[in-house]
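Visitor: The structure under discussion is supplied below as structure tokens; questions concerning it will follow.
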Amino acid sequence: MTAMHAPKKPAESRWQRVLRSLLYGLDVDRNVKAKARLGLAILAFAGIFSVIAIRLVMFAATSEGHGGRRSIAQDAVATARPDILDRNGEILATDIKTPSLFAEPRKIIDVDEAVELLTAVLPDLDATEVRDRLSSKRGFVWLKREITPGQQQEIHRLGIPGVGFLTENKRVYPNGSVVSHEIGHVNIDNQGIAGIEKWVDGQGLAALHMAGLATDQLQRPVKLAVDLRVQYALRDELIAARDKFKAKASAGVIADVNTGEIVAMVSEPDFDPNNPSEANDPNRLNRLTTGVYEMGSTFKALTLAMALDSGRVSLSSSFDARMPLRYGKFEIHDFHAQKRVLSVPEIFTYSSNIGTARMALSLGVEYHKAFLKKLGQLDRLRTELPESAEPLVPKHWGELNTVTIAFGHGLSVAPLQAVMGIAALVNGGKMIPPTFLKRDQAEADRLAVRVIKPETAEKMRYLMRLNVEKGTATRANVPGYYVGGKTGTSEKVVGGRYSKTKVLTSFTAILPADKPRYLLLIMLDEPEGLPETHGFSTSGWNAVPVGAQVIERVAPLLDIAPRFDLPKADQMLLVSAKDTR
Amino acid sequence: MRLLNILVIGALILAASFVYKIKFDSTLQAERVAKLRGELRRERSAIAVLRAEWAKLDTPGRIRGLADRHLALQPAKPTQFESLDRLPERPPAVAPAPNGDPIGAMLAPAAPDTTGSVPPARTR
């Protein structure tokens, strides 16, 4: 029997048996093992094939994504900026796409040949600098930013390996220097470095640039309060005035007194934002926000408003201006000396230093200081523009300081600050921080702070109008527009002393005086006397006529209709007094 | 069994060709999308250039120069503005002369009820 069973296993030689037992062990059934192996092999192959299948599906699904990805990279390199528009939607700043030339030095084979070919197409390229850049070990270098499409075409045809183009955004300012100080300018990387451009970066655009997400879409244009036509007219008149009176500089602001919007702001000389290197010239800085000046008689408006608002002085009060006011070793004189007792309106129209000084003294130093603080004349004025200047406030404010500050000497403020203060005196007593962005009445009312009583504002309008009818600003009486205003002539400090010949003249006008909508400030730095001004260089002879011309020109643009049936200033006060009762 | 195999092979070929067709179409569509995107980008930058150019041509300074050169217009003076409610009534229409007499025609429509909106009554 055992012999019969034996043939199940094929006859093996002794050697074979020994080998088998060495390889597989002594008593192992190979059929069972084979099944397990087969299973393992199937599993392995199934795994490999499924990996291949998944890869195939992935290729099929993502291959068309290539084109899209490239375009995003192109947009991201171009740091797009939002357009800047004026209040009517005219473009003040916009982006256009320009190609820029770059190289990857590691991929360049023959540096000398590349330099030769490139400088042939772009003659203004510095050959040694290009050679240095191409010989460096860096992965990426700019060769020239903002080339023309024609040059791009030519360089493309040269077929230099390792040289390529990227589309970048270039900032253009179609209006050139007309709105330069407000919008500021950008650097070569399209980052704002001055004016509203810098403010835009501060609003989160800079972070977007860093993340490479600042693309053309999703960017809302920035709408400014400035009116391009008014701005142009103002600038045109100021350039003419600067030439005519041979002034060092001229500047002007038109502000909406009810919303605080700056409708126009010019400081001559200015610069062309398309050529930013001009902006570094200190002579071209914006005198209205970054310069501080003693505003002269313009400040008398603040002193009078303070006195009238205190309730201790009324329009019928009078002050002694018979003798110069002696204070220690100083003596305060009047320019248009009357040598008699003056009533409050007379003090304003004759621009009496003595009268205003006595008025301020009667209220006390602390009251004066607190009032100017309330009107924001003692703190730095912050607007959207990054450029601003701190006012120069005397460290020890004594009675002498109050005397001089009452008529505008001894305290230097930024002219825009004075505009804000005077606007508050005439718009009904609400101080509204000035803005360069468009703002509606509701928002302005939310920001407004009441600083003086509405009745006082009424009296200030009357005084301003009276001053144009029979005071120092008669040349501003443009028929039909009912202008009110206050002149200011301050002597400039030259070598530590007040100069008699170098003056800063200004004119502050409200338009129309019975219900002001706009405030205009004209400022001339060191105007000279002319034969037709009889050699005078005071405000009434230069800043006021310039203001009149500006008003005549911009009033139709500002939608102010001329009226010829208006009462005299004295009647105006009576009418408004009846209205308020 | 053999029939089933043939059927399965046939279905496989059908499915494969169908998938290929879909894939081919989608590639075409994707290319079209990429092309349109590029076109859009080009058009957008062209629009930006044109807008900048228009803004440059539209600057008040340039318009003023052109107006000075080509127009005889002067800046409006305050006295030249007038409100609508102060406009005078429209003058009565002049009726055609019945017999070719112009002066008679001017005198004729002076009927009392003739206004700007009521035409003069025609005689005859």
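Visitor: Looking at B:Arg51, B:Arg32, B:Arg41, can you tell me which residue is in contact with a helix residue (DSSP H, G or I) (Cβ under 8 Å, 6 or more places away or on another chain), part of a helix (DSSP H, G or I), of a type in the set (D, E, K, R) and within 11 Å of another protein chain (Cβ to nearest Cβ)?
Guide: Criteria check complete, one pass: B:Arg41.
Visitor: For segment B:54-66, enumerate the residues that are surrounded by 13 or more Cβ atoms within 10 Å (Cβ to Cβ) and more than 9 Å from chain A (Cβ to nearest Cβ).
Guide: Within segment B:54-66, B:Arg62, B:Ile63 meet the criteria.
Visitor: Could you run through segment A:390-411 and say how many residues are in contact (Cβ under 8 Å) with a residue 40 or more places away in the chain and surrounded by fewer than 20 Cβ atoms within 10 Å (Cβ to Cβ)? Break it down stepwise before answering.
Guide: So the first thing to find is which residues in segment A:390-411 are in contact (Cβ under 8 Å) with a residue 40 or more places away in the chain, and the list is A:390-392, A:399-400, A:402-411.
With surrounded by fewer than 20 Cβ atoms within 10 Å (Cβ to Cβ) added as a condition, the list becomes A:390-392, A:399-400, A:410.
Final tally of qualifying residues: 6.
Visitor: Further question on the same structure: More than 24 Å from the chain's Cα centre (by Cα), farther than 27 Å from A:Val550 by Cα and of a type in the set (Ser, Thr, Tyr), is that true of A:Thr356? It would help to see each step written out before you state the result.
Guide: Numbers: more than 24 Å from the chain's Cα centre (by Cα): yes; farther than 27 Å from A:Val550 by Cα: yes; of a type in the set (Ser, Thr, Tyr): yes.
Taking the combined requirement at face value, the residue satisfies it.
Visitor: Going through A:Phe165, A:Phe140 one at a time, which residue ends up being of a type in the set (Phe, Trp, Tyr) and either under 22 Å from B:Arg42 (Cβ atoms) or buried (at least 16 other Cβ atoms within 10 Å of the Cβ) (or both)?
Guide: It is A:Phe165.
Visitor: Has segment A:482-489 got any residue that is within 34 Å of the chain's Cα centre (by Cα), within 14 Å of chain B (Cβ to nearest Cβ), buried (at least 24 other Cβ atoms within 10 Å of the Cβ) and not in a strand (DSSP E or B)? Can you show your working first?
Guide: Step one: of segment A:482-489, the residues within 34 Å of the chain's Cα centre (by Cα) are A:482-489.
If we keep only those that are within 14 Å of chain B (Cβ to nearest Cβ) as well, we get A:482-483.
Add one more test, that the residue is buried (at least 24 other Cβ atoms within 10 Å of the Cβ), and what stays is A:482-483.
From the residues that got through so far, the ones that are not in a strand (DSSP E or B) too are A:482-483.
Within segment A:482-489 (the criterion being within 34 Å of the chain's Cα centre (by Cα), within 14 Å of chain B (Cβ to nearest Cβ), buried (at least 24 other Cβ atoms within 10 Å of the Cβ) and not in a strand (DSSP E or B)), the answer is yes, since at least one residue qualifies.
Visitor: Now, a different point. Out of everything in segment B:70-87 that is part of a loop (DSSP other than H, G, I, E, B) and among the aliphatic types (A, V, I, L, M), what residue ends up being farthest from the other protein chains (Cβ to nearest Cβ)?
Guide: Looking at residues that are part of a loop (DSSP other than H, G, I, E, B) and among the aliphatic types (A, V, I, L, M), I get B:Ala72.
Visitor: Against the condition touching a Phe, Trp or Tyr at 6+ places or on another chain (Cβ under 6 Å) and crowded, with 24+ Cβ neighbours inside 10 Å, how does A:Ser506 come out, does it pass?
Guide: Values: touching a Phe, Trp or Tyr at 6+ places or on another chain (Cβ under 6 Å): no; crowded, with 24+ Cβ neighbours inside 10 Å: yes.
Judged against the criteria, A:Ser506 is not a match.
Visitor: Does any residue in segment A:149-174 that is within 11 Å of A:Thr98 (Cα to Cα) come within less than 6 Å, Cβ to Cβ, of a residue that is of a type in the set (Lys, Arg) six or more places away or on a different chain, and which pairs are these?
Guide: Matching pairs, first to second residue: A:Thr167/A:Lys97.
Visitor: Does A:Gly192 satisfy the condition of being more than 14 Å from every other protein chain (Cβ to nearest Cβ) and crowded, with 17+ Cβ neighbours inside 10 Å? Give the steps one after another, and end with the answer.
Guide: Numbers: more than 14 Å from every other protein chain (Cβ to nearest Cβ): yes; crowded, with 17+ Cβ neighbours inside 10 Å: yes.
Taking the combined requirement at face value, the residue satisfies it.
Visitor: Scan segment A:128-184 residue by residue and report those that are basic (Lys, Arg), more than 14 Å from chain B (Cβ to nearest Cβ) and within 30 Å of the chain's Cα centre (by Cα). Spell out how you get there, then give the answer.
Guide: Start the filter on segment A:128-184 by keeping residues that are basic (Lys, Arg), which leaves A:131, A:133, A:137-138, A:144-145, A:157, A:170-171.
Narrowing further to those that are more than 14 Å from chain B (Cβ to nearest Cβ): A:131, A:133, A:137-138, A:144-145, A:157.
Across segment A:128-184, the qualifying residues are A:Lys144, A:Arg145.
Visitor: Within segment A:110-121, identify whether any single residue is under 28 Å from A:Arg81 (Cβ atoms) and either of a type in the set (Ser, Thr, Tyr) or outside the structural domain of A:Pro269 (by TED's automatic domain parsing) (or both), and answer yes or no.
Guide: If we filter segment A:110-121 for residues that are under 28 Å from A:Arg81 (Cβ atoms), which is where we start, we get none.
Within segment A:110-121 (the criterion being under 28 Å from A:Arg81 (Cβ atoms) and either of a type in the set (Ser, Thr, Tyr) or outside the structural domain of A:Pro269 (by TED's automatic domain parsing) (or both)), the answer is no, since none of the residues qualifies.
The values are calculated or read from the model by the stated rules, or taken from the named source; none is laboratory data. Since this is a predicted model, take the numbers as computed values, not measurements. Please note: Cβ atoms are built from the backbone with ideal geometry, for glycine as well, and neighbour counts cover all protein chains shown.
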